[in-house]
1. Out of ALA17, ALA49, ALA67, ALA75, I need the residue that is among the small types (Gly, Ala, Ser), more than 27 Å from THR4 (Cβ to Cβ) and surrounded by 13 or more Cβ atoms within 10 Å (Cβ to Cβ). Which one?
2. Could you check how many residues of the stretch 22-43 are loosely packed, with under 14 Cβ neighbours inside 10 Å and in contact (Cβ under 8 Å) with a residue 40 or more places away in the chain?
3. Give the residue, chosen from ASP60, ASP76, that is assigned to a helix (DSSP H, G or I), acidic (Asp, Glu) and farther than 17 Å from THR95 by Cα.
4. Return the residue satisfying two criteria in turn: it lies in the stretch 33-55 and is touching a Pro at 6+ places or on another chain (Cβ under 8 Å) and not basic (Lys, Arg), and of such residues it is farthest from ALA100 (Cα to Cα).
5. So for the stretch 80-91 (the condition being among the basic types (Lys, Arg), out of contact with any Gly (no Cβ under 6 Å at 6 or more places or on another chain) and assigned to a loop (DSSP other than H, G, I, E, B)), does at least one residue qualify?
6. Just the residues that are touching a Leu at 6+ places or on another chain (Cβ under 8 Å) and among the basic types (Lys, Arg), please, taken from the stretch 1-29.
7. For ALA96, indicate whether it is among the aliphatic types (A, V, I, L, M), out of contact with any Pro (no Cβ under 6 Å at 6 or more places or on another chain), touching a residue at least 24 places away in the same chain (Cβ under 8 Å) and assigned to a helix (DSSP H, G or I).
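Derivation of every value follows stated rules applied to the coordinates shown; laboratory data play no part. A quick note: this is a predicted structure, and the numbers were derived from the prediction, not measured. With ideal geometry, Cβ positions are generated from the backbone for all residues, glycine too; neighbour counts draw on all protein chains shown.
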Amino acid sequence: MLPTPRSTSEEVEQEAARVVSRLGTLSPTKVPASVAAASAQRLADLARAAEGLPPLPVPDLRPHGWASLVRVLVADLLAVGATEAQLAAARDELTALRRALP
């Protein structure tokens with residue numbers, strides 16, 4: 001069982017770990033590519049906004065790269081010092097992605 005998070009950034013890390021784990025257990029054909037791509041783009045947009053940069057399209061890494069891409073995007077978001085609102089949006093995005101996975 002995962003420990004109870006104490007901050008929004010810990011909640012983001014915990015939810016990202018859940019998503020990455022889930023993506024890693026799914027057959028690539030079972031991952032809804034459009035859902036994963038849209039979620040990855042929203043995470044990338046949050047990270048870029050936290051840096052004060054314009055959005056850029058994320059690379060298309062399917063079917064095997066979704067877990068790695070999510071891991072990198074979350075690490076970027078946490079590294080740039082995102083606001084509480086941005087972290088909360090990322091947490092909610094990760095939760096929605098996890099719930100959308102089969």
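1. Numbers: ALA17 fails: more than 27 Å from THR4 (Cβ to Cβ); ALA67 fails: more than 27 Å from THR4 (Cβ to Cβ); ALA75 fails: more than 27 Å from THR4 (Cβ to Cβ).
Only one candidate passes the filter, namely ALA49.
2. Here the count works out to 2.
3. Details: ASP60 fails: assigned to a helix (DSSP H, G or I).
After ruling out the rest, the residue left standing is ASP76.
4. Start the filter on the stretch 33-55 by keeping residues that are touching a Pro at 6+ places or on another chain (Cβ under 8 Å), which leaves 33, 41, 44-45, 48-49.
Narrowing the set further to residues that are not basic (Lys, Arg) leaves 33, 41, 44-45, 49.
Values: ALA33: 11, GLN41: 16, ALA44: 19, ASP45: 20, ALA49: 25 Å.
Going through the qualifying residues, I end up with ALA49.
5. First, pick out the residues of the stretch 80-91 that are among the basic types (Lys, Arg): 91.
Checking which are out of contact with any Gly (no Cβ under 6 Å at 6 or more places or on another chain) leaves us with 91.
From what is left, the residues that are assigned to a loop (DSSP other than H, G, I, E, B) are none.
No.
6. First, pick out the residues of the stretch 1-29 that are touching a Leu at 6+ places or on another chain (Cβ under 8 Å): 8-9, 11-19, 22-23, 26.
Answer for the stretch 1-29, where residues must be touching a Leu at 6+ places or on another chain (Cβ under 8 Å) and among the basic types (Lys, Arg): ARG18, ARG22.
7. Details: among the aliphatic types (A, V, I, L, M): yes; out of contact with any Pro (no Cβ under 6 Å at 6 or more places or on another chain): yes; touching a residue at least 24 places away in the same chain (Cβ under 8 Å): yes; assigned to a helix (DSSP H, G or I): yes.
Judged against the criteria, ALA96 is a match.
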